[in-house]
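Readers should treat all values here as calculations from the given coordinates under stated rules, not as data from a laboratory. This one's a predicted model, so the numbers in the text were calculated from it and none came from an experiment. For neighbour counting, all protein chains shown are included, and Cβ atoms are generated from backbone atoms with ideal geometry for every residue, glycine included.
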Amino acid sequence: MAEEMVDDGSGNFSSPGRKKSGRRLLILIAVPLLLLIAGGAGLYFSGVLDVLIGKHKDETAKADSTPPPPKEAIFYDGLPDMLVNLNTGGRKSSFLKIKISLQIEDKDVIPKLQAVQPRVIDTFQTYLRELRLEDLKGSAGLYRLREELLLRLNAAVSPAKVDDVLFQEMLVQ
């Protein structure tokens, strides 16, 4: 029948049933919305959403495609054997004999290497004479030596590029 109006003391009249229905409406909207958001986040972070959307198919298609064949490596053995004395700090003399081969991608680099070969040899010998016996110990020492020689070599033959420095022979005495 007629709904009863209640004065809440502030001069506003409201029905007691309205407060309950407002809370129910809030619960009926907020709880499913929160569950939907939480479920979507769970699907996203678990990776299931990517499969449902189809991103997973794109990634597997990229992974299944065969990579292009590697370019054929060309080796340049035109550098002479180098014999340098190492920095021993006044102790007994130690020598390093090294034969180096260079890996390049293109045969067009060979004439450029031959043109600057005296500069390359000078750069290598200057660096090698400052090495200590401790610098050449272990695989980490050889790796650092290879990286330093490659860095100096590419600076000397720039704009041409050498891919790798390979040690054919190395003797420390």
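Table for the structure above
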{"read-out": "Hits in segment 131-151 - residues which are of a type in the set (D, E, K, R) and farther than 14 Å from Ile98 by Cβ", "value": "Arg132, Glu134, Lys137, Arg144, Glu147"}
{"read-out": "Of the criteria (1) among the aliphatic types (A, V, I, L, M); (2) surrounded by 11 or more Cβ atoms within 10 Å (Cβ to Cβ); (3) under 30 Å from the mean Cα position of the chain (by Cα), which one Leu79 fails", "value": "(3)"}
{"read-out": "Residues that are part of a loop (DSSP other than H, G, I, E, B) and farther than 13 Å from Phe124 by Cα, drawn from segment 73-103", "value": "Ala73, Asp77, Gly78, Asn87, Thr88, Gly89, Gly90, Arg91, Lys92, Ser93, Ser94"}
{"read-out": "Residue in segment 108-116 that is assigned to a helix (DSSP H, G or I) and over 18 Å from Ala160 (Cα atoms) present", "value": "no"}
{"read-out": "Test: residue in segment 163-173 that is part of a loop (DSSP other than H, G, I, E, B), without any contact (Cβ under 8 Å) to a residue 40 or more places away in the chain and not polar (S, T, N, Q)", "value": "no"}
{"read-out": "Residues of segment 122-132 classified as surrounded by 15 or more Cβ atoms within 10 Å (Cβ to Cβ) and part of a helix (DSSP H, G or I), total", "value": "4"}
